[in-house]
């Protein structure tokens with residue numbers, strides 16, 4: 001009879017994780033957090049009568065598509081804005097011609113408030129119910145941000161490694177101002193489940209809706225473009241280098257080829273960003289008119305390189321050099337603008 005891995009006592013889990021880590025080329029705390037990422041995904045995507053939503057971002061590229069070779073720890077989930085609007089009984093059409101920027105901004109604020117209420121009323125209670133099924137459920141805590149778009153699941157680590165970059169918590173980032181198309185259903189399970197497949201153990205696993213990686217390619221490319229146009233990087237540059245790394249690897253893969261040939265998808269991403277994520281500096285129109293910027297100025301590059309060095313433990317195998325990433329994206333910038 002099989003036993004749930006997360007129901008094993010702390011010493012058993014610790015021993016298994018620390019035994020597997022060297023053979024898998026990972027740190028034990030990375031393997032542990034991967035387990036909790038899968039647990040959180042299973043909890044959220046097993047909610048009954050949930051609004052249409054999709055798993056997206058770096059963790060989807062790593063866990064689902066194996067398109068990047070880094071451990072991505074945050075869970076980025078988009079609730080389809082149309083379903084959310086219906087849920088809060090809001091029939092405003094932000095894409096209708098003639099809608100003012102102020103009207104669209106207020107609509108976006110209503111959607112953000114809708115996400116906050118949906119998380120507080122439905123998602124968090126369901127996650128709490130799932131954690132209470134664990135023998136040590138009281139040792140897990142759930143935290144909800146004031147803006148309502150972030151949920152942290154703090155878990156009790158059984159390994160002793162200290163890591164400034166890797167925390168003993170899973171961040172679920174919720175959004176409600178985007179589409180979830182195109183998408184497909186994929187199965188997600190922890191990495192340790194494969195080497196332990198011959199053992200009578202059950203692991204958290206889920207069949208989840210995942211955003212197509214081609215859309216994530218354009219989401220990341222336009223995000224980088226916006227950051228390059230900011231003039232100065234955000235006050236907290238930490239972890240931003242992952243977007244340049246991800247885009248570099250996507251560009252080297254079949255995903256990049258498919259995305260580059262799908263300009264309709266690029267235009268759709270631009271339309272959503274212009275609608276819901278307007279800024280005075282982003283200049284998303286340039287992305288559709290041979291004006292992509294993927295390389296920031298030198299002072300920002302220096303900060304990004306420092307950040308990239310700090311995330312080396314999160315990368316599996318041999319990491320590309322920062323210079324190689326910048327060279328690759330310089331060429332991609334030329335390709336996109338030719």
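Mind checking the angle between helix 298-310 and the chain's longest principal axis? C-alpha axes, 0 to 90 degrees, to the nearest 10. So the inclination is approximately 10 degrees. The angle between the Cα long axis of helix 263-276 and the longest principal axis of the Cα atoms of the chain comes to about 90 degrees, rounded to the nearest 10. Centroid-to-centroid, using Cα positions, segment 106-170 and segment 3-20 are 23 Å apart. The label-point distance for residue 50 and residue 268, in a model that sets each label 7 Å from Cα toward Cβ, rounds to 2.1 nm. Mind grabbing the base-10 log of I(q)/I(0) for segment 214-336 at q = 0.11, 0.15, 0.19, 0.22 Å⁻¹? Debye formula, identical points on the C-alpha positions, no solvent, two decimal places. Scattering profile of segment 214-336, log10 relative to I(0): -0.35, -0.66, -1.07, -1.38. Which residues does a label at residue 310 reach in segment 137-177, if reach means a backbone N under 18 Å from a point 7 Å past the Cα toward the Cβ? In segment 137-177, the label zone of residue 310 (backbone N under 18 Å from the point 7 Å along Cα→Cβ) covers 162-169, 171. Annotation for segment 249-322 versus segment 54-76: alpha-carbon center distance of 15 Å. For helix 10-24, what angle does its Cα long axis make with the longest principal axis of the chain, in degrees from 0 to 90 and rounded to 10? Between helix and principal axis, roughly 60 degrees. For segment 1-59, what is one quarter of the convex hull surface built on the Cα atoms, given in nm²? Mean shadow area of the hull around the Cα atoms is 5.9 nm².
Once you treat every alpha carbon in segment 116-181 as an equal point and sum by Debye, what is log10 I(q)/I(0) at q = 0.29 Å⁻¹? Once normalised to I(0) and log-transformed, intensities are -1.27. Pick the calculated Kirkwood radius over Cα pairs in Å for this structure from (i) 21.2; (ii) 21.9; (iii) 20.5? Derived directly from the coordinates: (i). Using the empirical formula 2.2 N^0.38 Å as the baseline, the Cα radius of gyration of segment 36-173 reaches a ratio of 1.20.
Quote the FRET efficiency, to the nearest 0.05, computed for residue 120 versus residue 19 with a Förster distance R0 of 41 Å and r equal to the Cβ-Cβ distance. So, using R0 = 41 Å, E works out to roughly 0.55. As a rough guide to protection, the peptides 267-278, 63-74, 27-38 ranked by mean Cβ packing within 10 Å, highest first, stand as 27-38, 63-74, 267-278. Counted residue by residue at 0.36 nm each, then reduced by the alpha carbon distance between them, the extension gain from residue 334 to residue 142 reaches 64.6 nm. Taking the helices alone, the chain has a mean residue ellipticity at 222 nm of -14000 deg cm²/dmol, built from -39,500 (n - 2.57) per DSSP H run of at least 4 residues and averaged over all its residues.
No lab work stands behind these numbers, since they all come straight from the coordinates. Values in this document were obtained by computation on a predicted structure and should not be read as measured data. Neighbour counts run over all protein chains shown; Cβ positions are idealised from the backbone, glycine included.
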